[in-house]
Structures are given as structure tokens and as C-alpha cells.
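Below: one structure, written as C-alpha cells.
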Amino acid sequence: MASAFRILNPNLFPSRAAPPRLSAIALWSSSPSPTTSLRLTARVRAFSTDAADACGAVVENISNKPSICTADELHYVSVPNSDWRLALWRYTPFPQAPPRNHPLLLLSGVGTNAIGYDLSPGSSFARYMSGQGFDTWILEVRGAGLSVQGSDSEQIEQSAEAISEQLEAVAKNATNGVFSTEQQSSINPRALAEANISAVKGDLTGMATVWDESKLVTELTETFMRLSERLSGFLSEGQSKIMSAKLFDQLSKLLEDYQLSERFNEIRGKLSSLLETRQNSGIASQVRDLSQRLVNIIEENQRSVSPQLFDLQERFYSTIEDFQKQLDLIVKYDWDFDHYLEEDVPAAMEYIRAQSKPKDGKLLAIGHSMGGILLYAMLSRCGFGGRDSRLAAVVTLASSLDYTSSKSSLKFLLPLADPAQALNVPVVPLGTLLAAAYPLSSRPPYVLSWLNDLISAEDMMHPELLQKLVFNNFCTIPAKLILQLTTAFREGGLCDRSGQFFYKDHLHKSNVPVLALAGDRDLICPPEAVHETVKLIPKHLVTYKVFGEPEGPHYGHYDLVGGRLAVEQVYPCIIQFISRYDLT
């Protein structure tokens, strides 16, 4: 994957919440049998943090659940102070299974969705757990899988169906050898094109009609004013300064060849000062005046150097337009690890408690990769604050808060820890990259065959399941999320967005039992990384186990969930552990 990033054109990617109060949640339900009709009944309930506040309401029925969702039911839960609706895949307990006292929450890894837990009927961790009697729920955090942005059931249904069709089309066309760039990205098919900041040299014929002074002044003014809004603190309070400097540098390069740099730099200095000041109508007027002056400079020189500057006009337009698209991309993918921790997971837990009604109000939770990191961070936060995590027991699969002592292949993310680089790469379309690389890893001449080892050890996953995992399980990752996760490779381990709270420092204060599992050939989260976190937990509360034998079989990153031997070796180990704590 590191090589895949290096060969990409760098210009292709432009360089504490209150307790949740849940509003309307749409629910699709179907028979557990995959062969039965998907006729559905829709229900919606509104829940608050106080169980006594819970009330119900009925909305219009939904006729079909998206075909990509293989769960028994598909629920949607609202996120406080957001228009995100998080998808919850529910697997109801088998009637013949022993009764259980706690529902089970499954959390996926970074940039992945629920499919990894349910690859096929014969390789489904979620189905196995429901078969053991657990009311099993998989959360898809914002930006992952079928989670959508919408305000009503119709919008949610349409968005979910569109995502489902995209995912299925990608897999189908890839299998047939027909693979287009637009079909590769399950979340944002045009992410690569939108992020590209280019200096376009257009056709000079008819270029005079392109130059619209009033339109350009308006676009410049709007762009500069948006820069001063700080974009929800994408990097820091000085973000607008960094972003405006990048835009000014691009404009300077355009004007260098036309000997306009000196006049532009005068305006640049004044604009920079204004953009660091709180917005008001007076500032907006000054920004518009400066935008007008900048346009006038080009207009005046056009008359004296015409037709040479027709090309400059088009390049100027293109730069402003593409920069606005970059800002839009940053705003669209505006979340980090702490958003998952403080908003998404608590909202899902509250909803599951309200649905399943455990007597003690607690859940069991299992997290793979980043999902396990979220559980560790939650235990740390609650331990620090002296709060009940509402978790009866936790299982982490290939997870750690500190990777500094390991040789994790995720160190390729470290270059993106530079804020300036993160602005060049506002998103990482992981699904697109892996899907594009897969044909080169699974077919002769196997140029990128080493990519498969990042996912699964040799002969541990059926080729068809590995293909499904690659084409349907990965999503687009925001730069903000990557920036925070890269702190796990620095001294002190993973920290919050402020850089002041280190999650590993307070893990020892937790009183929740933990089972931490590792794979012996996991290149992403090696056993030594897992143990780095395990040793912080009180010994009487933690159980640590590494799967894999010296002579084989070996376990890679996803083999703990979907490997061919997981159902025989890993799943029973987990059941034995969580059953011990499934008490009222």
C-alpha cells in the first residue's frame, strides 16, 4: 500500500459532546433466512439518555432493505448535533440458542464497514454470535458503509440503496474485468477528480467569453471569506492562515510569468491580515474590494498584453474553482477519531440498550482494529472520569493504543501527519486504492501480491471472500482521522484531538474485563503492538492470546474475523470469555 501511495501523482490529492439524545431512527427488518422475501416493516422510535423518556412513533413502511445488507434488520440512529444517520446491522438471536443477558456490539476497523463481519453464511462472525444467542449489532460509523446523511426515511432509504448499488456494481464489474475509476469509490466516486488542483491550459479560441469580471470577483470573495471561517478547526486555529497561504502561492505562480507578482503581493498581504480577523460586514466589504483590485490587475494587463492573458484568465478561473472543491471536500469529510468516540459509539450504545433492554443496562462489545482502539479509548475516558462505561466485558481483535514498539506497516501513514500534507490530501479513498490494486495482487504477474498479506495470511481466507472484502468493505478516510490516528506511532501513543489527553495513561483505571487477541502474522497490528496496550490493563482483568503456530497456520489482520480457521479456533475462545461475564 505504501508503494501504491508513492506512485500516485501527489497533485491528485490536494495538499466533548453532550450525552446523546436520539431522534427518529428508521428500521428495516427481514427474516433471518437469506432465501426469504425482503418484505419489510418499518418502525421508528425516539430515545433519550433517560430510559423513562423513551417514547415510540410509527412512520411509513419501507418496502425493501438494500440488498448489500445481509443482516436480519437494518436500523438507523441519529447522531446529536449532526445530520448523520448511522447504520446498525442487527442479527437477532436464534430461537434454539441459549438465552443471553446482554446485547453484543461489534465495531469495525478504520475505513471499513459491516461486511467484514458477515462475508458469507459460512464465514460470518455476526451470524455465529447470533447463533450463540447474542442479540448482535454491527455499527457503521459516519462515512462508512450504509451510514448516510439525511433527515427523513425516504432520503435515508434512497441514499442507502444508492450506496448498495455502487458496492455491488464495483464487485461485479471488477469480476468481469471491467473496472472504471468512478465505480471504484463506494463513498465518493469523484473524490480523486474533485481533489485535483490543476492549472488548466484551455483552448485559446473563444476564450474572451470566459472572462466574466463580476462573477470572478464574487467567486474570489466567497473563497476568501470561507477561508476565514476556519472550517470547523480542521487542523488548528491557524488553519485559515495555512489554507490561504496555499491558495496565494498557487495564484502567485500563475502571475509570475506575467510580471504581476509585485502588485499581487501587496494585495496578498492585506488579504492575509483580513482573513485572520473575525468576520463582519466591514471585513466582507474590504475583501470584496481587494478581490476587485486583483481582478482589475489581470484585466488591465489583458488589454496591454492581449491575447496572451486569455490563457491566464482560464488558468485563474480553474485554480479558484478547484480550490473551492478542495475546501468542499475537507468540509464534507470533517470528522476524526474523537467524533466516533464521543458521538457515534455512545449514540449507538444508547439505542441498542433501549432496544434490547438488558437488566443491568450494559453491553458486551467486540472491536476489530480501530474498533478495538475505540473500546480501549472509551475505557480510558471512563476510568479517568470515574464513570461507568456501561460495558460488561470487551474483546479487542488486533488493536493497540501504541504502535511505537512495533514494525506495523501502517507507518506509511506517518508522512500524512504533517498538517501541510494533510491539506494536500483531504481524504484517502482507501476503497478505491485497494480495489484498483487488487487485480495486480491476485492475478499474474502478481505485481502487488504483498498487499494480500496485509489483509490475510497465506491460505487463510478463501479467494472469493478476500475479493469481496477488498471490493465491498473499504471506504474513504478523512485526513482529520488519519492525523489523529498517526499519534499512535509517537511517544505516548494515541491522544485526543487536543493533543493533551493520552488514552493509554488512564487505561489502568478501568474495571472492565478485556480479552485481547492478536494474529502471529499481522503486519498491521503485530502481537508486540497488542501487548504494548495489554500490559497497561490490571492483570486480573486482562486475558491475552496470540493465534498462529510457528509452522502454521498463521493469522493475518482480518483472519481473526474471517479466516477459514476462525470459526474453529477464534470464535469459541471469544464465546468462552464473554459468556463468563454475561450475567445479570
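The values are calculated or read from the model by the stated rules, or taken from the named source; none is laboratory data. Remember, predicted model here, so these are calculated numbers, not experimental data. Every residue, glycine as well, gets a Cβ built from its backbone with ideal geometry; the counts of neighbours run over all protein chains shown. The area values use the complete protein model at the heavy-atom level, side chains included, leaving out ligands, DNA and RNA. Shrake-Rupley method; radii C 1.70, N 1.55, O 1.52, S 1.80 Å.
Worth a mention:
- Taking a point 7 Å from the Cα of Glu168 along the Cα-to-Cβ direction, the residues of the stretch 139-162 with backbone N closer than 15 Å to it are 146, 158-162.
- Amide H within-cut-off set for Leu523, under 5 Å, with H built and near neighbours excluded: His557
- Approximate spin-label separation Glu262-Val331, in nm, with each point projected 7 Å along Cα-to-Cβ: 3.8
- Using alpha carbons only, the radius of gyration of the stretch 474-532 set against its Kirkwood radius gives Rg/Rh = 1.00.
- Environment charge at Ile537 (Cβ cut-off 12 Å; Lys +1, Arg +1, Asp -1, Glu -1): +3
- In order along the stretch 529-540, the phi-based Karplus estimate (6.51 cos²θ - 1.76 cosθ + 1.60, θ = phi - 60°) of 3J(HN,Hα) comes to 5, 4, 5, 4, 8, 4, 5, 8, 8, x, 4, 6 Hz; Gly and Pro are listed as x.
- Computed label-point distance, nm, for sites Glu551 and Lys357 using a 7 Å Cα→Cβ extension: 5.5
- Neighbour net charge for Tyr91 - beta-carbon separation under 9 angstrom, K R +1, D E -1: -2
- Among the listed pairs Lys509/Lys539; Lys65/Lys357; Lys359/Lys504; Lys270/Lys325, those beyond 19 Å (Cα-Cα): Lys65/Lys357; Lys359/Lys504; Lys270/Lys325
- Separation between Cα centres of the stretch 536-558 and the stretch 87-159, rounded to whole Å: 25
- Across the stretch 462-469, rounded Karplus estimates of 3J(HN,Hα) from the backbone phi angles (6.51 cos²θ - 1.76 cosθ + 1.60, θ = phi - 60°) give 4, x, 5, 6, 4, 5, 5, 4 Hz, Gly and Pro being marked x.
- Around Pro463: net Lys/Arg minus Asp/Glu count, Cβ-Cβ under 13 Å: 0
- Label sites at Val567 and Ser498, each approximated as a point 7 angstrom past Cα along Cα to Cβ, lie 4.8 nm apart.
- Length-normalised contact order of the stretch 432-584 in % [C-alpha pairs under 8 Å, at least 6 apart]: 25
- Solvent-accessible surface (1.4 angstrom probe) belonging to Ser108, in square angstrom, nearest 10: 10
- Remark on Leu515: its backbone amide H falls under 5 Å from those of Val394, Val395, Thr396, Thr543, a criterion applied only to residues 5 or more positions apart or on other chains, H modelled at 1.01 Å from N.
- Legend: residues Val345, Val542, sorted from most to least accessible area (1.4 Å probe; ligands, DNA and RNA excluded), read Val542, Val345.
- Förster radius 30 Å - calculated FRET efficiency between Asp83 and Asn511, Cβ distance, rounded to 0.05: 0.25
- For Gly150, residues with placed amide H under 5 Å, excluding near neighbours: Arg85
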